[in-house]
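Nothing in this text is a laboratory measurement; each read-out follows from the coordinates by a stated rule. Source: prediction; values computed, not measured. So basically every Cβ, Gly included, is an ideal-geometry build from the backbone, and we count neighbours across all protein chains shown.
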Amino acid sequence: MVKTKDFRKLANNAFRLKLFFIKHMPMGFLNGLRIIELDEKHASVSVPYNWLTKNPFHSTYFAVQSMAAELSSGAMAIAEVMAAPKPVSMLVFDMTAKFTKKARNKVIFTCNDGEAISTAVKKTLETGEGQTVTITSVGVDRTGDKVSEFQFTWTFKAK
C-alpha cells in the first residue's frame, strides 16, 4: 500500500505524476494538469490555457477548470485514503461553481482544506459511519485575479 508521504512524493515528481495521470486520469494528462504543491493542509494544481483547454469563447472550458479544482482537493483526499490503515471509499457527492472572470491564461487552483479532509477520513475509520466534508478550491490567473471558485462535497466511508 502506498503511504501518504509516498503519494505526495509521486505527485511532486513530474515524470511519476505523468505516469499516474496516464494510468488513472488520462484527461488530466492530455489537458496538462500539474500538481504544483501538495502537503497535509493544502494543494495547488495548474491548468494551462492552450488549444486543447480553450472553448469557442476564448477562455478555459468550465469542465477543464472543474477537473483542476477537483484535483486540488482530490489529491489530498487520495493521500489520506491511501495512508488509512483500513480501506476507505471516497466520492464527490456535490459540486457548485462560480465563474467571476474569463480564464485566458494559466490558472492555479488552490485548496486549503486538508485538515477537514483528514478529520473526515479519521472519523469514518473511528466510527464506521460515512462522513461528508465541503471544501473550497479557488482558481487564480497569472495576473492574480480570481477566475472561479468551486465547492466540492466529498464523502468518505470506511469499507
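Computed from Cα atoms, the angle from the helix 14-24 axis to the main principal axis of the chain rounds to 80 degrees.
When shorter helices are ignored and each DSSP H run of at least 4 residues is given -39500 (n - 2.57), the per-residue value for the chain at 222 nm works out to -12000 deg cm²/dmol.
Relative to the longest principal axis of the Cα atoms of the chain, the long axis of helix 62-83 lies at roughly 20 degrees. With a cut-off of 14 Å between beta carbons, the residues surrounding Val64 carry a summed charge of +3, where Lys and Arg count +1 and Asp and Glu -1. Determine the alpha carbon to alpha carbon distance for each of Lys18/Lys101; Lys102/Lys122; Lys9/Lys54; Lys106/Lys159; Lys86/Lys146; Lys54/Lys122 and list only those over 32 Å. Those over the limit are Lys102/Lys122; Lys106/Lys159; Lys86/Lys146; Lys54/Lys122. All other residues whose Cβ lies under 15 angstrom from that of Thr100 are scored, Lys and Arg at +1 and Asp and Glu at -1, for a net of +2. Give the distance, in whole Å, between the Cα centre of region 21-76 and the Cα centre of region 87-128. With region 21-76 and region 87-128 each reduced to a Cα centre, they are spaced 14 Å. All C-alpha pair distances within the chain, sorted into 5 Å bins from zero, spread as 2, 10, 19, 21, 20, 15, 8, 4, 2, 0 percent across the bins. Within the chain, the longest segment free of exposed loop sites, counting chymotrypsin sites (Phe, Trp or Tyr not before Pro) that fall outside DSSP classes H, G, I, E and B and have at most 16 other Cβ atoms within 10 Å, spans 58-159.
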